[in-house]
Amino acid sequence: MPEFFPYWVVVTHFLNIFFMVLLFRSGIEVLSAFPKLYWDDGCPPGREWLRFSKKVFGADSRTPWTSLDEEESWSPLLALPGRKNLGLGRHWHFMTVQFWILTGAVYVALVFATGYWHYLIPTHWSLVPDSINSIGTYLRFRIPATIPGQPFEPAQKLAYFVVIFLLAPLQIATGAAMSPSLLARFPWYGRLFGGKQGARSLHFLGMCAFGVFIVLHVGMVIVHGLPTELATIVLGNPDADRRLALGIGVTGLLAIVVFHVVICWFSLRHRRRTQRLLGLVVDPFERLLSRRLTSRQRFGAEDISPYHRVNGYPPTGEEYQALAADDFRAFRLSVGGLVARPMNLTLRELRGLGEQRQVTKHNCIQGWTAVAEWAGVPLVRLMEEVGPAPVARYVVFYAMDDKGLTEGEGRYGFFYETIPLHLASNPQTILALEMNGSPLPVEHGAPLRVRIETQLGFKMVKWICGIEFVEDINDIGMGMGGWREDQQFYADAAGI
Ligand SMILES: Nc1nc2c(c(=O)[nH]1)N[C@H]1C(S)=C(S)[C@@H](COP(=O)(O)O)O[C@H]1N2
Ligand SMILES: [Mo]
């Protein structure tokens with residue numbers, strides 16, 4: 001039989017604490033961007049089962065509102081980094097999760113390689129009544145005996161088993177079930193959890209379950225006797241020098257606190273650098289997970305959401321209002337850049353290029369979803385007309401809304417986004433002219449918006465006036481890949 005407290009348990013246990021704190025705090029930041037939980041992918045306003053916000057917005061509200069108005073600003077004491085930094089919170093979350101899973105994989109491999117699994121995995125149903133017994137013993141203020149020849153008592157073994165082999169994998173599975181590209185390619189996977197909102201709610205409850213476990217676990221450590229337990233988990237030996245163990249243990253925990261103070265400060269003070277640095281680790285991860293996935297969504301008319309949230313207020317300029325007043329008859333879409341045949345197209349000419357209908361689910365980066373039917377021209381059809389040059393690697397979509405006038409918060413400039421060429425030729429990438437059987441409503445992008453069904457919503461530019469094919473995105477806007485990347489520090493990689 002393996003040692004009771006081998007060193008690899010000591011090391012992976014510490015790494016697990018380290019990464020879990022990062023995941024908790026960055027996860028809370030992500031929650032703050034849409035502090036509501038639903039079971040229904042239509043996210044009907046007011047029908048959330050849990051809300052961490054005093055603001056309420058109704059589906060029938062007479063004053064227009066957008067999903068960014070629902071965002072909350074939470075303290076850096078709680079959230080990483082706090083203060084409405086969804087993009088950076090996601091960066092921390094997706095950076096950390098890779099290392100957390102790696103730690104878990106190494107741990108589980110060693111658990112099986114060394115035979116340690118005997119101590120963790122129940123081999124008989126009697127563990128359940130035995131666990132109930134040991135809980136009874138605790139309630140009588142006594143410490144239950146460990147299982148003969150094993151380091152843990154029955155309830156402890158069962159709890160560790162549940163957390164390691166059920167809760168952690170479930171948390172990974174529900175996390176993955178929130179990725180727009182994964183959901184677009186494998187809609188059945190989302191259905192396993194009752195849809196994206198089911199996955200999101202379960203992911204939140206999973207976090208709560210981890211929280212409850214940690215409280216009980218620390219409580220039990222205290223009940224069992226802090227000095228010996230600390231010697232065990234810090235030095236791998238209950239008889240080790242207790243003062244040394246206490247010293248190292250406290251230093252380790254303090255180091256985590258100091259680390260959080262530093263990264264929180266740095267993230268808030270140097271948002272662009274944080275975005276770039278974490279992007280070095282997160283962008284390849286996003287590419288690995290999502291690059292090869294194309295959308296295969298086929299929802300039915302019955303899945304269409306009664307209410308579809310809006311994000312981004314419509315253009316306010318007179319020019320746009322004049323266009324809209326005349327049913328966009330004067331509208332011209334200019335398509336240019338690195339193309340053989342630059343064009344200026346009327347809506348009618350655009351419509352003439354072909355039509356595709358699709359019922360798909362919109363995934364806003366903040367967390368809400370809604371299903372709608374979109375109809376329009378496949379972007380590949382337009383590309384056949386204009387003939388992008390072989391050097392063209394990105395498509396830029398320019399919009400008519402000046403965000404300085406419509407969103408404020410110190411942000412400015414016209415909205416735009418870019419996508420790599422491979423996304424442009426995905427089968428469900430279309431320039432939509434219609435939503436749910438009618439011409440696009442103004443708030444959803446009239447007269448023209450793009451749908452890129454494997455991506456997060458912010459890539460799907462509304463109120464498009466121009467499309468440009470370029471080789472590089474560095475000199476477009478601030479060069480981060482789009483307006484929300486430039487101004488809100490979102491990742492340019494929007495497949496997860
Ligand atoms: N021009 C423009 N397009 C935009 C935005 C915007 O602010 N301006 N917001 C984006 C974001 S963040 C989302 S989630 C979707 C929302 O689309 P909807 O309003 O049709 O639901 O539009 C995207 N396209
Ligand atoms: Mo969004």
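The values are calculated or read from the model by the stated rules, or taken from the named source; none is laboratory data. Because the structure is predicted, anything quoted here is derived from the model rather than measured. Reconstructed Cβ throughout: ideal geometry from the backbone, glycine too, with neighbour counts over all protein chains shown. Heavy atoms of the whole protein, side chains included, go into the accessibility calculation; ligands, DNA and RNA do not. Shrake-Rupley method; radii C 1.70, N 1.55, O 1.52, S 1.80 Å.
Details
- Test: residue in segment 324-331 that is surrounded by 14 or more Cβ atoms within 10 Å (Cβ to Cβ), more than 16 Å from ligand 1 (Cβ to nearest atom) and more than 29 Å from Leu68 (Cβ to Cβ): no
- Of everything listed in (1) more than 24 Å from His308 (Cβ to Cβ); (2) among the acidic types (Asp, Glu); (3) within 15 Å of ligand 2 (Cβ to nearest atom), the single unmet condition for Asp401 is (1).
- Boolean, Glu443 is under 19 Å from the mean Cα position of the chain (by Cα) and within 14 Å of ligand 2 (Cβ to nearest atom): no
- The set of residues in segment 139-159 that are open to solvent by less than 40 Å² (accessible area, probe 1.4 Å) and either not hydrophobic (A, V, I, L, M, F, W, C) or not assigned by TED's automatic domain parsing to the domain that holds Pro238 (or both) comprises Pro144, Gln150, Pro151, Glu153, Pro154, Gln156, Lys157.
- Residue count for segment 289-312, restricted to those that are modelled with pLDDT of 95 or more, surrounded by fewer than 17 Cβ atoms within 10 Å (Cβ to Cβ) and under 18 Å from the mean Cα position of the chain (by Cα): 0.
- Of the listed requirements (1) part of a loop (DSSP other than H, G, I, E, B); (2) open to solvent by 20 Å² or more (accessible area, probe 1.4 Å); (3) more than 13 Å from ligand 1 (Cβ to nearest atom), Val380 misses just one: (1).
- Thr316 being among the polar types (S, T, N, Q), surrounded by fewer than 21 Cβ atoms within 10 Å (Cβ to Cβ) and modelled with pLDDT under 95: yes
- Residues within segment 422-473 that are within 14 Å of ligand 1 (Cβ to nearest atom), acidic (Asp, Glu) and open to solvent by 10 Å² or more (accessible area, probe 1.4 Å), tallied: 2
- Meets criteria (over 18 Å from Ile419 (Cβ atoms), assigned to a loop (DSSP other than H, G, I, E, B) and open to solvent by 90 Å² or more (accessible area, probe 1.4 Å)) for Arg276: no
- Any hit, segment 410-417, residues being over 22 Å from Gly317 (Cβ atoms), open to solvent by less than 20 Å² (accessible area, probe 1.4 Å) and out of contact with any Pro (no Cβ under 9 Å at 6 or more places or on another chain): no
- Some residue of segment 246-268 being free of Cβ contacts under 8 Å to residues at least 24 places away in the same chain and open to solvent by less than 40 Å² (accessible area, probe 1.4 Å): yes
- Some residue of segment 361-373 being within 19 Å of Ile467 (Cα to Cα), part of a strand (DSSP E or B) and open to solvent by less than 20 Å² (accessible area, probe 1.4 Å): no
- Qualifying residue in segment 223-234 (condition: touching an Asp or Glu at 6+ places or on another chain (Cβ under 8 Å) and either small (Gly, Ala, Ser) or in contact (Cβ under 8 Å) with a residue 40 or more places away in the chain (or both)): yes
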